[in-house]
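Okay, structure first, notes after.
The values are calculated or read from the model by the stated rules, or taken from the named source; none is laboratory data. Bear in mind that the values here come from a model prediction, so they are computed numbers and not experimental data. All Cβ positions, even for glycine, are placed from backbone atoms using ideal geometry, and neighbour counts span all protein chains on display.
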Amino acid sequence: ATVKVLHNTVLSPLGAARMCQLLLGCTIMALVSHSAGYSATYGTFCMFVWCFCFAVTLLVFTLDITRLHTCMPISWDNFTVAFAMLATLMYITASVVYPVYFLQTDCPDEGCEVQMYRIAVTVCSSVCCFPYGAEVFLTRAKPGAVVGYMATVSGLLKVVQGFVACIIFGALANDSEYNLYIATQYCVVVYSLCFSVTVIVVILTVSGRTSALRFPFDRFVVVYTFFAVVLYLSTALIWPIFSFDKKYGTTTRPEDCLRGDCPWESKLVVAVFTNVNMILYFVDLVYSQRIRFVSSSAV
């Protein structure tokens, strides 16, 4: 039994992917701590991503080997695939943010050696996206297989939707001037409402509490996704008008707009990712309807 457990958790493709995650995560943290360094909000975010993903991956790997996860009051498969999807998105973001703010054309004041370490960090972080993506690929729902909700396309999209909402919140907090108009305040309410319900759906699924609800969980998710599409469609129309129309703002980037500290830039980020999330919710809705149609036709 012990040999079988070790084979499934260490020698399997999934085990190999997690060991690559740990190896690369440890390498990144060592490089950053040694010479690459980090600073300001963006650097702190990147370091948080690498430390958080490494810590949770180590916990998952340990619990999987010892089989202690069977004692935890959660749906283990739903938790691991949801975390793998989240870690993939976080690593992709960090792999873009770190070189943008810490790699320069010329050697920094600290010396060319620091530049080489930062290049190594960027490469390792970019490569580490693939093991996490491989875990999502290996644990995703396959035709005919009975899996948890988070392993389906709809479940994985919930993680992506929540992550995109976090990007929107970050841009809103970065001097986006959303409180100037009631219309833009309405958009913030929509973002917050949809994000809250999405997080609740993920938590209920991971905790395995969906069966305890007094209403059909799958129907609730479909109805909520429909309303999320409608709400995001309204924000996709309202936000650009009150941000870039000549009557309320500026259509072009101001000359004094500094990178990372500019309301116009923050508004643009919100507008772009509002449309991204609207598309994600629409795809989620279409997929959910297709699954319901197939399942009802098969009965």
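Here are some notes:
- Taking segment 53-63 as the range and being under 22 Å from T27 (Cβ atoms) and not β-branched (V, I, T) as the test, the residues that pass are C53, F54, A55, L58, L59, F61.
- Selection within segment 77-119 - exposed (fewer than 15 other Cβ atoms within 10 Å of the Cβ) and touching a Gly at 6+ places or on another chain (Cβ under 8 Å): E110
- Flag if S211 is modelled with pLDDT under 90, part of a helix (DSSP H, G or I) and in the same structural domain as N275 (by TED's automatic domain parsing): yes
- Screening Y248, Y186 for residues that are farther than 26 Å from V160 by Cα, in contact (Cβ under 8 Å) with a residue 24 or more places away in the chain and not small (G, A, S) leaves exactly one candidate, Y248.
- Scanning segment 17-76 for residues that are assigned to a loop (DSSP other than H, G, I, E, B), surrounded by 19 or more Cβ atoms within 10 Å (Cβ to Cβ) and either over 21 Å from the mean Cα position of the chain (by Cα) or in the same structural domain as I203 (by TED's automatic domain parsing) (or both) gives a single hit, Y38.
- Filter pass, T105 being part of a loop (DSSP other than H, G, I, E, B), free of Cβ contacts under 8 Å to residues at least 12 places away in the same chain and among the hydroxyl-bearing types (S, T, Y): yes
- For segment 152-162, the criterion of being β-branched (V, I, T) and over 15 Å from the mean Cα position of the chain (by Cα) is met by at least one residue.
- Residue in segment 148-160 that is over 19 Å from F45 (Cα atoms), in a loop (DSSP other than H, G, I, E, B) and among the basic types (K, R) present: no
- Checklist (1) modelled with pLDDT under 95; (2) crowded, with 21+ Cβ neighbours inside 10 Å applied to I167, failing item: (2)
The rows are residues; the columns are (1) farther than 19 Å from Y232 by Cα; (2) in the same structural domain as A82 (by TED's automatic domain parsing); (3) not acidic (D, E).
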| site | (1), (2), (3) |
| --- | --- |
| A134 | yes, yes, yes |
| A151 | yes, no, yes |
| L157 | no, no, yes |
| C166 | no, no, yes |
| Q185 | no, no, yes |
| S196 | no, no, yes |
